[in-house]
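So the structure is just underneath, and the comments pick up after that.
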Amino acid sequence: MTQLKGPFLEVNPDLCLGCHTCELACAVAHTRSQSLIGAVLSGEALTSRNQVLQVADVRFPTQCRQCEDAPCVKVCPTGATFRTETYTAVNANRCIACGLCTMVCPFGAIHIATVKVNGHTKRAATKCDLCVDRPGGPACVEACPTKAIRLVVAKEVIQSARRSTAERYLEAIRVQRELQK
Amino acid sequence: MSIWEILAENLRQGVVTLRYPQRVPPPARYRGLVQIELEDCVGCASCAYVCVSAAIHVTEERETFCWSYDPAKCTFCGRCVDACPTSALQMQAECPPIYHCAGALAVTYTRAYPRCEGCGKPFKVATQILRQRAYTEVSGEVETLLRLCPVCRQKEAIKSMVEARRIKEATR
Amino acid sequence: MEAKLSFFVHLVRYARGRSPWLFHLNCGGCNGCDIEFLACLTPRYDVEQLGIRLEGSPRHADILCVSGPVTRNTQAALQTIYAQMPAPKVVVAIGSCPASGNVFADSPSVVGPLEKFIPVDVYVPGCPPRPNAILEGIANAIEQLKTKPVTGIGGKSHA
Amino acid sequence: MPSWFALLIFPGFLYAVPMGWLMLWLERKILARLQSRIGPPFYQPFFDFIKLMTKEPLRRASGEDIFYLLLPLLALGATVGSLTLLPILPSSASAVGDLVLFVALVEVAPICLVLLGFLSRSIFGQVGAIREATLTIATNLPFITALIALAYASGSLRLMEIASNAPLATRAIALLALLFCLPIKLRLNPFSVANAEQEIYQGALTELDGWRLGLWELTHAVEWVALSGLIASLAVPWRSGQAILDAILFALLSLVLVVVLTVIAGATARLKLLQASRFYWRWGFGLALLALVVSLFL
């Protein structure tokens, strides 16, 4: 029995328009100037950590599920990806852009992108950090015009102690397939 | 022990020299040339990152990556072997060969990235060792998912989520 | 006459292979290779079995053994010493440093690698190489030494 | 015995050169064995010589060139010449020369070495030359005093007569004093400051190259034969009268001396110049003086 303390972002596909506003908001929220114009003027690269994708007729932003026992943390050779109390974080300073995390993430939610760290540009892993440093909470939640994204703080999720979120997700897939049959 | 006793002891001991072509075999854990098992390499360039003397370089193209190694620059410290997350590198337990032209031992291997089973895009794919490190048990689902590129994995996630909602509503 | 000459040439080549004298030069290395090189003189390896003598003067030497990346301060000495060695001579680069600069490459005080300044005949890779490997490198150098042209006492070429 | 035979065949060139090479090899081999090493192969000094003779000579200033040619040749010639005076056979050529000539000829090689060292204009060469000169002076006092004692005791300067007539006590003490002088004259270990290969890069030999060094090595080999031969031929008063038997006895005695000197060299470390000089003036000269006193009173 373990308590899932961490919050994660949940999307309601019925409400999502696929307008990419969350992507833009995410990218802007992770620039230094916190504004689109400022970022463009200072030449900072705009990279979003969530991606709106279309599968059949469903449009949907995907981002990191903040796995508790995350594969990306387990394979990171430098300890750049690590698990905090609330979420799975990346320290871009320590990242060597080896891409092992992108290889093992079951959601494909982590990417290698060009970021600016301590004044110099480098390649590093980027992923959703739930905008922990932002006073107003996640930027995508704030920006979504239809309020399709919301921050869920699960009170108590009963799961196997050793199973990671990713494995729970995989088990869910298996259950679905069995149900479909 | 006086010098005379030492000389007498040496004479008594006899010749300890190895005749030239004879050699002391290197120990089992001797660090010789670095060798790569290309099938196990994922192109993460951790080895190039830790290499103190820049003997290893990994260059990435769109569809391929090159792993190049110049023993002339190597310090034979073994950091690359320690750093390799997929155990693709190992060191020969024998002395590197003598050579006569600069750069004669340098090697470059090129490997094409595996292609995504969904969209056919080349991408870095996790090897078995990596999967075992990332998951407590590597199920068939993990295998299939990790053979897809990150974008296809995202799409797969969307699909299953939509499916889950649909089933949930249907059962309600 | 021809037969005599060829006997002379063979004798000289054979003699060269049997008595290579070394001059050892550290061009700013870390001393690791030097210690391994000196290990070749110990009773265990004993280079004297190949007729090798470690000489103090480059004038007496046939084989120049260089260790270390060539630093700004040693470069002039290296070239002088190479020029001071009388003609059939070969150069052995011991360790990774003279071959590439190794960890010292791109340092502002390092001007190497060695081949920029003098022709190198044999490279012994390793950091440092084992005494066995150094011996093998010197044996290779001896083979190279034998193939160099034979000159008579007056400096006239015979072959 | 004609003098050309003594000069060219025995105990001259044809005997001295292979014997000198054998002695050089024996020295290196024994040293190696004392250190548990395998040492150089038997033919080593010969191939060293061939190799050195066929190395390309360096161009030198024309004024210097003649000295670099003459001095090694002079040293070699004088040392081979000194060999002809050794009283090995009953009919040896010592009739044509005596002790004074022998001392003069043996001293030519060190003088040539000093000159070569100064000629080199290299700091190591000059330091080596100064040390060589100092040690030559230090060693010649006991060397000549011991020879004078022998000459006085036997009443003649002819080496043949010294060998047969010298009384036992004087002969023993004087030969011990002469043995004391050998390491320094052959530049062997406890007294090898003059050609220290580690500190001053073989001193006066630093700038010698190719065949000049080869000639010098040859001279050194002949020096071994001449100096060990002096003691070997003076040690035994008895001559069988058969040339071959006497020659073999002489050669064996010389080789025994080589072994003794090498073991001493292998067991000792290099002394400083002052220590070496003091040793010779105190112990070497003291022993030679004792020989002189004994020869005066017996």
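The values are calculated or read from the model by the stated rules, or taken from the named source; none is laboratory data. These numbers were taken from a predicted model, which means no experiment stands behind them. Here the Cβ positions follow ideal geometry from the backbone for every residue, glycine too, while neighbour counts run over all protein chains shown.
One table, with the values for the structure above:
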quantity: When residues of the range A:48-68 are limited to those that are under 16 Å from residue A:128 (Cα atoms), out of contact with any helix residue (DSSP H, G or I) (no Cβ under 6 Å at 6 or more places or on another chain) and in contact (Cβ under 8 Å) with a residue 40 or more places away in the chain, the one nearest to the other protein chains (Cβ to nearest Cβ); calculated: A:63
quantity: Condition met for residue D:25 (modelled with pLDDT of 90 or more, part of a helix (DSSP H, G or I) and either within 14 Å of chain C (Cβ to nearest Cβ) or over 30 Å from residue C:39 (Cβ atoms) (or both)); calculated: yes
quantity: Qualifying positions in the range C:53-85 - crowded, with 24+ Cβ neighbours inside 10 Å, β-branched (Val, Ile, Thr) and within 13 Å of chain D (Cβ to nearest Cβ); calculated: C:63
quantity: Top-ranked residue of the range D:158-170 - restricted to ones that are closer than 16 Å to residue D:86 by Cα and part of a helix (DSSP H, G or I), ranked as nearest to the chain's Cα centre (by Cα); calculated: D:159
quantity: Any hit, the range C:36-44, residues being of a type in the set (Asp, Glu) and away from chain D (no Cβ under 14 Å); calculated: yes
quantity: Candidates B:59, B:110 - the one that is without any contact (Cβ under 8 Å) to a residue 12 or more places away in the chain, surrounded by fewer than 16 Cβ atoms within 10 Å (Cβ to Cβ) and either more than 12 Å from chain A (Cβ to nearest Cβ) or farther than 23 Å from residue B:146 by Cβ (or both); calculated: B:59
quantity: Selected residue (only one of A:89, A:97 is assigned to a strand (DSSP E or B) and modelled with pLDDT of 85 or more); calculated: A:89
quantity: Residue count for the range C:89-130, restricted to those that are of a type in the set (A, V, I, L, M, F, W, C), part of a loop (DSSP other than H, G, I, E, B) and over 28 Å from residue C:13 (Cα atoms); calculated: 3
quantity: Whichever residue in the range B:85-103 is surrounded by fewer than 15 Cβ atoms within 10 Å (Cβ to Cβ) and within 11 Å of another protein chain (Cβ to nearest Cβ) and, among such residues, is nearest to the chain's Cα centre (by Cα); calculated: B:94
quantity: Filtered residues of the range A:37-77 (kept if small (Gly, Ala, Ser) and either within 14 Å of the chain's Cα centre (by Cα) or surrounded by 21 or more Cβ atoms within 10 Å (Cβ to Cβ) (or both)); calculated: A:48, A:70
quantity: Residues located in the range B:12-36, provided they are exposed (fewer than 14 other Cβ atoms within 10 Å of the Cβ) and within 13 Å of chain D (Cβ to nearest Cβ); calculated: B:12, B:13, B:14, B:19, B:22
